[in-house]
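Structure first, then comments.
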Amino acid sequence: MAMNYNAKDEVDGGPPCAPGGAAKSRRPDNTAFKQQRLPAWQPILTAGTVLPTFFIIGLIFIPIGIGIFVTSNNIREIEGNVFMYYGLSNFYQNHRRYVKSRDDSQLNGDSSALLNPSKECEPYRRNEDKPIAPCGAIANSMFNDTLELYLIANGSDPTPTPINLKKKGIAWWTDKNVKFRNPPGSGSLEERFKGTTKPVNWVKPVYSLDADDDNNGFINEDFIVWMRTAALPTFRKLYRLIERTDDLHPTLPAGQYILNITYNYPVHSFDGRKRMILSTISWMGGKNPFLGIAYITIGSISFLLGVVLLVINHKYRNSSNTADITI
């Protein structure tokens, strides 16, 4: 049986349908969205709208940056509650392969991940045919120098007085209580890590990091602090807390101090440097001028661009007006 052919049907709705069937069409529905009839707004960039924006950004960012910078520089690095940091230079913790070289499931206490770590941990995934706990390059390179601080008394007793360095409370609460957990079980921590081996560069296994069970294994705070990788090659990490005992006596009284360092962490292989910092904190944290400098820089650039564009706009607007008058 012959069938009529209409090119319009094919354009509008595709191949013709069988007689009596419902007409099919690929034409979009007649809605505001599909027919692109929604209301739209497009800003018109003119000198009157752009220039004030640059000046406003400059006027806001420059005072904020100066305030942050001054606050950072006014942090006294000897009084109040004192925080002891260790610092490393030329250590690129932000390298992509280094950052990925960990197993968060293993660090969260997952039993299956403990014995079968992620392949992201290679080449620090297994050693001597045993899974490494904790696996990965980050854990393998953990800082393990020991720092001890002593005060030399000014009196007749020459015996140095050790400064109490608090090793708990230095990690983020969310890391300590949420992200890092030891494997479950009722036995000792050594039994719960049975079948695993220590990282290649470690002196002792993870279950022997501390005698305090609440600061041992994956929840050891020195380990947790190290596992939060730094964004820049020169960084500092919190090592210990020196708490202020009362308001009548300074946390670190004036005098001579001895810093005893047990050297375990070599830095010559990557041309690095190590340092120890004593610092207090302010409302914006520890001493770090980067944020203030960034605000001042952005504000100054915006303000300078505003001045340049204002001059250019004034010059060419006058030229345009003169040309119109001449013509």
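Using 1/(1 + (r/R0)^6) with R0 = 56 angstrom and r between the beta carbons of Ile56 and Asn260, what's the FRET efficiency to the nearest 0.05?
0.55
Tell me which residues come under 5 Å, amide H to amide H, from Asn127 once H is placed; ignore anything under 5 positions away on its chain.
Amide H to amide H, under 5 Å and 5 or more residues apart or across chains, Asn127 pairs with Ile132.
Distance check, please: which entries in Lys168/Lys237; Lys130/Lys168; Lys198/Lys274; Lys130/Lys194; Lys176/Lys237; Lys166/Lys194 exceed 20 angstrom between their Cα atoms?
In this structure, Lys130/Lys168; Lys198/Lys274; Lys166/Lys194 exceed 20 Å between Cα atoms.
Provide the net charge surrounding Ser208, with neighbours chosen by a C-beta distance below 14 Å and charges set as Lys +1, Arg +1, Asp -1, Glu -1.
-2
On the accessible surface of segment 48-136, probed at 1.4 Å, how many percent belong to carbon and sulfur atoms?
Accessible surface attributable to carbon and sulfur in segment 48-136 totals 57 percent.
From the phi angles alone, apply the Karplus equation (6.51, -1.76, 1.60; θ = phi - 60°) to segment 180-192 and give each ³J(HN,Hα) in whole Hz, x where the residue is Gly or Pro.
These are the phi-based 3J(HN,Hα) values: 10, 8, 7, x, x, x, 9, x, 5, 5, 5, 5, 6 Hz.
Roughly how many whole Å is it from the C-alpha centroid of segment 197-227 to that of segment 131-176?
13 Å
In percent, what relative contact order does segment 150-273 have, based on Cα pairs under 8 Å that are 6 or more apart in sequence?
RCO, segment 150-273: 33 percent.
The values are calculated or read from the model by the stated rules, or taken from the named source; none is laboratory data. Everything numeric in this text was worked out from a predicted model, so none of it was measured. Backbone-built Cβ (ideal geometry, glycine too); neighbour counts: all protein chains shown. For the accessible areas, the whole protein counts, side chains as well, though only heavy atoms, and no ligand, DNA or RNA atoms are used. Shrake-Rupley method; radii C 1.70, N 1.55, O 1.52, S 1.80 Å.
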